[in-house]
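Undergrad: Input: one structure, supplied below.
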Amino acid sequence: AGEFRRERWARGVADYAMWLRLADLGARFAVLGEPLIEYATAGAERMSSRRATQELAVARMSWSRWRRDPADLALIRTAIGKTLAAARIAIDR
């Protein structure tokens, strides 16, 4: 699947980008019934505190995936939804 994304715009979503890439390559995933770890989600110093920036990065990846397969309606719905989510978060600030 290659390396984790290193672009500046992908900070905070590199894991998600890798999951998408693995899925595009045919990887299968299992959903476990209970969490194995717990993330600390508080603190301004955390990358994950930049929700709008992260959602915009996910939207960017979604549009890129749609451009590879423009006939896939699920991909364009995802791209539009992620773009709207980023806009809502930015407006709510």
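Undergrad: Within the range 10-42, take every residue that is part of a loop (DSSP other than H, G, I, E, B) and open to solvent by less than 100 Å² (accessible area, probe 1.4 Å) and give me the one that is modelled with the lowest pLDDT. Steps first, please.
TA: Narrowing the range 10-42 to residues part of a loop (DSSP other than H, G, I, E, B): 11-13, 25-42.
Now restrict to residues that are open to solvent by less than 100 Å² (accessible area, probe 1.4 Å): 12-13, 26-27, 30, 33, 40, 42.
Numbers: Gly12: 85, Val13: 90, Gly26: 94, Ala27: 95, Ala30: 92, Gly33: 91, Ala40: 69, Ala42: 61.
Residue satisfying both the conditions and the ranking: Ala42.
Undergrad: Applying the selection to the range 54-93, what residues are open to solvent by 60 Å² or more (accessible area, probe 1.4 Å), out of contact with any helix residue (DSSP H, G or I) (no Cβ under 7 Å at 6 or more places or on another chain) and in a helix (DSSP H, G or I)?
TA: Arg67, Arg68, Leu73, Arg77, Ile80, Leu84, Arg88, Ile91, Asp92
Undergrad: Look at the range 56-84 and say how many of its residues are out of contact with any Ser or Thr (no Cβ under 6 Å at 6 or more places or on another chain) and closer than 19 Å to Ala14 by Cβ.
TA: Step one: list which residues in the range 56-84 are out of contact with any Ser or Thr (no Cβ under 6 Å at 6 or more places or on another chain), which gives 56-58, 60-61, 63-77, 80-81, 83-84.
If we keep only those that are closer than 19 Å to Ala14 by Cβ as well, we get 56-58, 60-61, 63-65.
Residues that pass the stated criteria total 8.
Undergrad: If you don't mind, there's one more thing I want to ask. So Val58 ticks every box in (1) farther than 29 Å from Asp92 by Cβ; (2) modelled with pLDDT of 90 or more but one. Which box is left unticked?
TA: Unmet condition: (1).
The values are calculated or read from the model by the stated rules, or taken from the named source; none is laboratory data. Worth saying up front: this structure is predicted, and the values here are computed from it rather than measured. For neighbour counting, all protein chains shown are included, and Cβ atoms are generated from backbone atoms with ideal geometry for every residue, glycine included. Areas reflect the complete protein model, heavy atoms only, side chains present, ligands, DNA and RNA absent. Shrake-Rupley method; radii C 1.70, N 1.55, O 1.52, S 1.80 Å.
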